[in-house]
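Peer 1: Can you read through this structure? Questions will come right after.
What follows is calculated from the coordinates using simple rules that are stated; it is not laboratory data. Just so it is clear, the model here is predicted, and its values are computed rather than measured. We place every Cβ from the backbone using ideal geometry, glycine too, and count neighbours over all the protein chains shown.
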Amino acid sequence: MDEMTNINDLSPDPAMTPVVGLLHAMVDYNDERLIRLVKDMSAEELQFKGPAHDVNSTAQLLRHISVVLLHWVFRLQSQEVPAGYTEKYGPMFDADGKLPLIPDLTIQTWLQEHSSIREMFRSVCLSLQDHDLERVVPYENGEGAVIRWSLFHIADHCRHHYAHIVYLRRTYSEQFKG
């Protein structure tokens, strides 16, 4: 076999139990990928809403990813998000059920905010044991969610919006650079 120059893998946190660590590593991997994608974005590109100005901007999507992660930090502990966090980061959705506009968000601000929320999430995961993964926590609309599914869902949610941001980067580049 030819020598491989890059090996892709997940890196579970050794301070976490095996399955919790693996699920946390999925979330962490997707977050790191997202950060690499957006870390050099200009303010104009961050606010770009597609060629027809009719889709969520990267700024909206990034804040949404962070706010959703923040909600999970508290859901995983069967708690409500304290009002101070909602005041600081805004709601998940505006009064019309859409992602709130974030006209003044910079990449540096988002990176700092998201890093803080990621650390809160890591702390929650450090408190979980593999046997906790079967516990049900509050989700949405009166539904519950098993913690194991919840951790997978968090990773999947980030990956879903990563694809939207890739589309925005490509169309922005075609429209303004190409």
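Peer 1: Once every Cα of the range 33-130 carries one equal point scatterer and solvent is ignored, give the base-10 log of I(q)/I(0) from the Debye formula at q = 0.12, 0.19, 0.20 Å⁻¹, two decimals.
Peer 2: -0.42, -0.96, -1.04
Peer 1: Something else: Could you order peptides 20-33, 62-75 by the average number of other Cβ atoms within 10 Å of their residues, highest first?
Peer 2: On the way: 20-33: 19.7, 62-75: 21.8.
Going from most to least packed, we get 62-75, 20-33.
Peer 1: Count neighbours as other Cβ atoms within 10 Å of each site's Cβ, and list the chymotrypsin sites (Phe, Trp or Tyr not before Pro) in the range 76-178 that are DSSP loop with at most 16 such neighbours. Don't skip to the end; give the middle numbers.
Peer 2: Numbers: sites: Tyr85, Tyr89, Phe93, Trp110, Phe121, Tyr139, Trp149, Phe152, Tyr162, Tyr167, Tyr172, Phe176; in loops: Phe93, Tyr139.
Qualifying residues, ordered by number: Phe93, Tyr139.
Peer 1: A further question on this structure: What three numbers, in Å, describe the spread of the alpha carbons of the chain along their principal axes, ordered from the longest?
Peer 2: That gives 56, 51, 25 Å along the principal axes, largest extent first.
Peer 1: Under 1.5 on a/c is rounded, so check that first for the range 102-153, then, if it is not, pick prolate when a/b is larger than b/c and oblate when it is not; a ≥ b ≥ c are the square roots of the alpha carbon gyration tensor eigenvalues.
Peer 2: On the way: a/c = 3.98, a/b = 1.77, b/c = 2.25.
Judged from the Cα gyration tensor, the range 102-153 comes out oblate (a/c at least 1.5, b/c at or above a/b).
Peer 1: Kindly provide the helix-only [θ] at 222 nm of the chain, computed as the sum of -39,500 (n - 2.57) over DSSP H runs of four or more divided by all residues, to the nearest 500 deg cm²/dmol? Walk me through the numbers on the way to the answer.
Peer 2: Working: 6 runs with 98 residues, N = 178.
After summing the helix terms and dividing by the residues of the chain, the value is -18500 deg cm²/dmol.
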